[in-house]
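Here the structure is laid out as structure tokens; the discussion comes afterwards.
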Amino acid sequence: QVQLVESGGGLVQPGGSLRLSCAASGSIFKSLRMAWYRQAPGKERDLVATITQGGSTYYADAMKGRFTISRDNAKNTVHQQLNSLQAEDTVVYYCNANPALRRCWGQGTQVTVSS
């Protein structure tokens, strides 16, 4: 079982930046492709970006060029740098494996983009 704890969200002005972090427990972390997801109220959870064990990345089209996913296998952490934030990026962000481990969803971290 992997436990995931997200942090780093907050209130930011349009055009601003945030760095999200995800701390994972368990040695299995290093063997997992990890991902960030996000979910707006009343909507399905969407994939934002993935990163393989070796560091290869994938981004959803809307995030390309604005978001950067990274990981530190020694520290069991996954990060996501969010740049050029827009109002529509106001959602809760979650990390999980990809494919997601159904029982491992954390509480997420809220990002609010507002002036």
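The values are calculated or read from the model by the stated rules, or taken from the named source; none is laboratory data. Since the model is a prediction, treat every value here as computed from it, not as a measurement. No Cβ is skipped: glycine too gets one built from the backbone with ideal geometry, and neighbour counts run over all protein chains shown. SASA here: full protein model, heavy atoms, side chains in, ligands and nucleic acids out. Shrake-Rupley method; radii C 1.70, N 1.55, O 1.52, S 1.80 Å.
Does anything in the stretch 72-92 have its amide N under 15 Å from the 7 Å Cα→Cβ label point of K30, and if so which residues? The answer is 72-77.
For K30, the lysines whose Cα comes closer than 26 Å to its Cα, not counting residues fewer than 8 places off in the same chain, are K64, K75. Note on the chain: GNM, Cα springs under 10 Å; of A35, A23, A62, the largest mean-square fluctuation is that of A62. Taking a cut-off of 17 Å between Cα atoms, list the aspartates and glutamates near K43, but don't count ones fewer than 8 places away on the same chain. Leaving aside aspartates and glutamates fewer than 8 places away in the same chain, those within reach of K43 are E88, D89. Computed over the chain, relative contact order equals 38 percent, with contacts defined as Cα pairs under 8 Å that lie 6+ residues apart. What the phi angles of the stretch 88-94 give under the Karplus curve with 6.51, -1.76 and 1.60, with θ = phi - 60°, is a coupling list of 6, 8, 6, 7, 9, 9, 10 Hz, glycine and proline written as x.
Subtracting the Cα-Cα distance of Y58 and Q3 from 0.36 nm times their residue separation leaves 17.5 nm of extension gain. With protein chains left intact and a 1.4 Å probe, residues in the chain average 53 Å² of accessible area per residue. Couplings for the stretch 102-115, taken from phi via the Karplus curve 6.51 cos²θ - 1.76 cosθ + 1.60 with θ = phi - 60°, read 4, 8, 10, 5, x, 7, x, 9, 7, 10, 10, 10, 7, 8 Hz in order; Gly and Pro are left as x. What the Cβ-Cβ distance of S114 and Q39 gives, at R0 = 25 Å and to the nearest 0.05, is a FRET efficiency of 0.85. Considering only G42, G54, G65, the mean-square fluctuation computed in a Gaussian network model of the chain, springs between alpha carbons under 10 angstrom, is largest for G42.
Distant-in-sequence amide contacts of V91, defined by a placed amide H-H separation under 5 Å and a gap of 5 or more residues or a different chain, comprise V111.
Once the C-beta distance of D72 and L11 is scaled by a Förster radius of 25 Å, the resulting FRET efficiency is 0.40 to the nearest 0.05. Under 1.5 on a/c is rounded, so check that first for the stretch 41-110, then, if it is not, pick prolate when a/b is larger than b/c and oblate when it is not; a ≥ b ≥ c are the square roots of the alpha carbon gyration tensor eigenvalues. Because a/c hits 1.5 or more and a/b fails to exceed b/c, the stretch 41-110 counts as oblate. The phi-based Karplus calculation (6.51 cos²θ - 1.76 cosθ + 1.60; θ = phi - 60°) puts the 3J(HN,Hα) values of the stretch 59-69 at 10, 5, 3, 5, 9, 4, x, 10, 10, 9, 9 Hz, whole numbers, x for Gly and Pro.
For the stretch 1-84, the Kirkwood hydrodynamic radius comes to 13.5 Å, computed from all pairs of different C-alpha atoms.
Entry for the stretch 2-49 at q = 0.13, 0.20, 0.23 Å⁻¹: log10 I(q)/I(0) = -0.42, -0.89, -1.05, Debye formula applied to identical alpha-carbon scatterers, no solvent contribution. If only the Cβ of Lys and Arg carry +1 and only the Cβ of Asp and Glu carry -1, the dipole of the chain around its Cα centre is close to 320 debye. Isolated cysteines in the chain, defined as those with no second cysteine Cβ under 4.7 Å, comprise C104.
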